[in-house]
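Take a look at the structure set out below.
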Amino acid sequence: MTKLPKICRYCQQAAKLLNIGDAGYPYRLDYGPTWTCVPCQAWVGCHKGTKNALGGLANAELRIAKQAAHAAFDPLWQAKIRKEGCSKNKARNAGYAWLATQLGIPVERTHIGYMNLEECRKVAEICGSYSKNQKAHSKVSECSLKCAVKLAEWTGLEPATPGVTGRSQKPITAREVAILDIPKSPITT
Ligand SMILES: [Zn+2]
């Protein structure tokens, strides 16, 4: 099946599917095919083994915002893994379900890979305040912040936005919101 080309959100032109070695491929290492708009310097990776984009094309500003969103969000579900020993997917999906309620948008649309600048900044704000609170209450979250930095660095030279480079994610189920054992709003002291 041939997927329709991704449209660049900045210039509305069709993105090109580029592979390592192609002119304009955004990474020096091989992170699989990327839908890329070379003039806009915007791109997004694909689900592993497919040509299906992980999200919307992102330029440098949005990629940084996505990294900040992940740096704030990821420690929450990573702490859940340590706390409950659940799988990465389960913890992350539960985190996204929780995030959907915080943002007031449908869980199906709640994925940092598809968010715009404003949404990414909201994620960083919401999760950042919670992370600080957790840090004050738990040594575990201090570790999880370090882990999040490693996560953000693990894919490369352009620092690696999870959701921009290729890793697959399962759909989020609403019931998993109950799994994430964190309050609906940050605890203030
Ligand atoms: Zn473009």
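Coordinate-derived values only; no laboratory data. If you're wondering where the values come from, they're calculated on a predicted model, not measured in any experiment. Counting neighbours? That spans all protein chains shown, and the Cβs are built from the backbone with ideal geometry, glycine included.
Classified by the C-alpha gyration tensor, segment 1-57 has an oblate form. Its axis ratio a/c, with a ≥ b ≥ c, is 1.5 or above, and a/b does not exceed b/c. Asn19 label point, 7 Å along Cα→Cβ, cut-off 14 Å on backbone N: hits in segment 51-85? The answer is 51-52. The stretch between Gln12 and Ile64 holds 16.6 nm of extra length on full extension. This uses 0.36 nm per residue minus the Cα-Cα distance. From most to least packed by mean Cβ count within 10 Å, the peptides 93-106, 32-45 give 32-45, 93-106.
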